[in-house]
Amino acid sequence: MGIVLKQSLNNTVVTYFGFALGAINTLFLYTHFMHPDTYGLVQVVLSISAVLMPILAFGAPNSLVKFYSSFKGGREQEGFLTMMLLLPLVLIIPIGLISYFANEAIGAFLSKENPIVRDYIWHIFFTGMAMAYFEVFYAWSRIRMKSVFGNLMKELFCRIGQTILLTLLWLDIIDVPFFINALVGFYIVRTLIMKIYAYRVHMPKLIFQLPKNWKDIVKYSGLIILGGSTAIVLMEVDKVMLNNYLPIENVAYYGVAGFIAITIAVPSRAMHQITYPMTAEYINKGDIGALSNLYKKSSLTLFIISGLLFLLIVLNLNDLFKLLPQGYAGGFLIVFWIGLTKVYDALLGNNNSILYNSDYYRSILLFGVLLALMAIGFNLWLIPAYGLNGAAIASFSAFFIYNSLKLYYVKKKFNMVPFTKGTFKVFCLLGAMGFVFYYVQFSFHPIVNILLKSAIMAVVYLTVLYKFRISEDIYQVMKKFIGDK
């Protein structure tokens, strides 16, 4: 457990640092150093690659983690590892061939609204393939309890690459085609570095012998393709579909607004690294009491944090938009709807961990596919009608249904809900603060306004939490710093 806790803390630090660097790139460097239509092209290439990634990976990263410990070593274990290295090729090769022979048809489909996309079909394929094999090699090192280097490569390497490339672009040392080619290159080099590290952790011995349970492994991998695709589709499909309906610069505007809202999800990502193994342990032991307690505590803690972040972002948006170029300043409703989605995600606490560590993961994965199709349907309906705001509403609607289903499923199967009296109190507190601070405005520089308003809101919020002891966990943390007076 000491190793797990230490690596979880290190990974949390890396995740936050990577997100901060991503914020600098997204909110300032891209918006000031690159024209919106070019930034939109970059968003489209990376979003379609991300949708393609879980398909090309063929579930190998998850299968590595799930099945590796069931083999005790020797030829069977090495045969399993060889299978995991080759499994992605089952789909990479045919999809690569389809991309080659149907290049014109695929290009015509993706460039229906924006012809500029036509020339970047192979960039999408190679980036998606690099992302897929990176996850395979990252999982290869994680099964040996070596996760920090891989997380550092995942969160920082390509973001640092983007910072360097954007600076070179600003200095007119490189042009846009070179930028995009080099960006794809960074993803490929990242995968090669991760491969070298993974092989240093454990050098494979290529043994072409299928393990006895290979059919179970393939079935599980197939289900994971569905699950992974669902999660990615729900996150990226709006940007992919915007490319087919609106001028490509709108993808850039939407991407920036979406990134602002996704800030709310960072604490959840950090906490889930800790709650996931705890959830698995409680389920394996059948300790439903401890599981229910963790469900409620994680929900309340994340709701408190995400709710405050949501208010800080939404109530400071006008000042934040003043720091961005004009075209990016119309995304209030996008931030609102996507931000609300992330708050609902947080409100579910460790719900995902409960489902994916239980015997019910197959049902939720299959139902997730239907919800991904629903998300596509919402976008087909709402983007033509409402443009960028329609895409945000479509994402919120799909996630609202998906999260509500998971909430109901855990209630039905485990007889647990994450809500407590504290949940209602926090909801009322957030509503009251939102109403009051909506009317609080300052006339200083936007950065000063944001810092001043955020500081006042945080002090009021934390004071109420402490005085009324709404969350015992939050109270104990605050007590260590300010004492009980």
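The values are calculated or read from the model by the stated rules, or taken from the named source; none is laboratory data. Everything numeric in this text was worked out from a predicted model, so none of it was measured. Cβ: placed from backbone, ideal geometry, glycine included. Neighbour counts: every protein chain shown. Accessible surface is based on the protein model in full, side chains and every heavy atom, while ligands, DNA and RNA are left aside. Shrake-Rupley method; radii C 1.70, N 1.55, O 1.52, S 1.80 Å.
Scoring residue 35 on the criteria (1) touching a Phe, Trp or Tyr at 6+ places or on another chain (Cβ under 9 Å); (2) open to solvent by 20 Å² or more (accessible area, probe 1.4 Å) leaves a single failure, condition (1).
The single condition from (1) outside any helix (DSSP H, G or I); (2) under 22 Å from the mean Cα position of the chain (by Cα); (3) farther than 29 Å from residue 276 by Cα that residue 389 fails is (1).
Is segment 421-434 home to any residue that is outside any helix (DSSP H, G or I) and out of contact with any strand residue (DSSP E or B) (no Cβ under 8 Å at 6 or more places or on another chain)? Scanning segment 421-434, I find no residue that is outside any helix (DSSP H, G or I) and out of contact with any strand residue (DSSP E or B) (no Cβ under 8 Å at 6 or more places or on another chain), so the answer is no. Does residue 161 fit the bill of being among the small types (Gly, Ala, Ser), free of Cβ contacts under 8 Å to residues at least 40 places away in the same chain and within 19 Å of residue 182 (Cα to Cα)? When the stated conditions are applied, residue 161 passes them.
For every residue, the table says whether it meets (1) under 27 Å from residue 294 (Cβ atoms); (2) of a type in the set (Val, Ile, Thr).
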site: 433; (1), (2): no, no
site: 436; (1), (2): no, yes
site: 443; (1), (2): no, no
site: 447; (1), (2): no, yes
site: 452; (1), (2): no, no
site: 458; (1), (2): yes, no
site: 469; (1), (2): yes, no
site: 473; (1), (2): yes, no
site: 477; (1), (2): yes, yes
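If you take the residues in segment 272-297 that are open to solvent by less than 50 Å² (accessible area, probe 1.4 Å) and among the aliphatic types (A, V, I, L, M), which one is farthest from residue 447 (Cα to Cα)? Selected residue: 283.
Does residue 430 satisfy the condition of being open to solvent by less than 50 Å² (accessible area, probe 1.4 Å) and under 30 Å from residue 366 (Cβ atoms)? No: the conditions fail for residue 430. Look at segment 435-455: where a residue is over 11 Å from residue 312 (Cβ atoms) and in contact (Cβ under 8 Å) with a residue 24 or more places away in the chain and a partner is acidic (Asp, Glu) and part of a helix (DSSP H, G or I), sitting 6+ places away or on another chain with Cβ atoms under 8 Å, you get 446/319; 447/319; 449/319.
Among 400, 437, which is the only one that is modelled with pLDDT of 90 or more and open to solvent by 80 Å² or more (accessible area, probe 1.4 Å)? Outline the logic, then answer.
Details: 437 fails: open to solvent by 80 Å² or more (accessible area, probe 1.4 Å).
Step by step, each of 400, 437 is checked, and only 400 is modelled with pLDDT of 90 or more and open to solvent by 80 Å² or more (accessible area, probe 1.4 Å).
Determine whether residue 424 is among the aromatic types (Phe, Trp, Tyr) and at pLDDT 95 or above. Yes: the conditions hold for residue 424. Of all residues assigned to segment 230-246, at least one qualifies as being outside any helix (DSSP H, G or I) and not aromatic (Phe, Trp, Tyr).
Within segment 204-220, can one find any residue that is closer than 19 Å to residue 14 by Cα and open to solvent by 40 Å² or more (accessible area, probe 1.4 Å)? No, segment 204-220 has no match at all. Looking across segment 298-355, the residues that are open to solvent by 10 Å² or more (accessible area, probe 1.4 Å) and assigned to a loop (DSSP other than H, G, I, E, B) come down to 322, 323, 324, 325, 329, 330.
Determine if segment 289-307 includes at least one residue that is among the aromatic types (Phe, Trp, Tyr), within 29 Å of residue 437 (Cα to Cα), modelled with pLDDT of 90 or more and touching a helix residue (DSSP H, G or I) at 6+ places or on another chain (Cβ under 9 Å). Scanning segment 289-307, I find at least one residue that is among the aromatic types (Phe, Trp, Tyr), within 29 Å of residue 437 (Cα to Cα), modelled with pLDDT of 90 or more and touching a helix residue (DSSP H, G or I) at 6+ places or on another chain (Cβ under 9 Å), so the answer is yes.
From the list 188, 196, 232, the lone residue that is modelled with pLDDT of 80 or more, under 22 Å from the mean Cα position of the chain (by Cα) and open to solvent by 30 Å² or more (accessible area, probe 1.4 Å) is 188.
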